[in-house]
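Encoded as structure tokens, the structure appears first; notes follow it.
Nothing in this text is a laboratory measurement; each read-out follows from the coordinates by a stated rule. Model, not experiment: these values are computed from the prediction. Glycine gets a Cβ as well: all are built from the backbone with ideal geometry, and neighbour counts include every protein chain shown.
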Amino acid sequence: MPGADYKLVKRLDLNPLVRRIMLYQQGCFAGGIVIRVEKDLTENNLGSHVLLVCSKIRVVTFQGPSATSSHLDNLIAQALAWDGETTLVVGAEPEEAIESLLIQLVSASQAILP
């Protein structure tokens with residue numbers, strides 16, 4: 001079954017050989033990972049641009065009310081943190097004639113705390 005990356009490549013008419021990194025089932029944790037990875041990719045491949053697409057779909061964990069419990073805690077959690085998506089185009093060394101810098105990412109790191 002084709003993943004979301006395949007569908008994006010087709011819909012955006014990208015080269016089928018474009019490099020892709022997919023992270024599945026990571027939840028909110030993936031947001032920090034992809035920002036660090038895209039920073040590394042763009043800084044080490046000058047002139048490149050990274051299309052960053054994040055999608056969080058909670059519908060697979062939906063639990064409705066049942067005869068034994070109201071699942072009120074689940075309904076509240078789903079109301080507060082439901083589906084969400086974001087898309088960014090990230091690059092290093094912008095071409096000033098055609099691109100403008102909106103946000104500068106100075107550092108992205110990952111550490112294990114004791």
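Can you give me the distance in nm between label points at residue 106 and residue 44, each placed 7 Å from the Cα along the Cα-to-Cβ direction?
2.4
Describe numerically, in nm with one decimal, the distance between label points set 7 Å from Cα along Cα→Cβ at residue 6 and at residue 97.
The answer from the label model is 4.0 nm.
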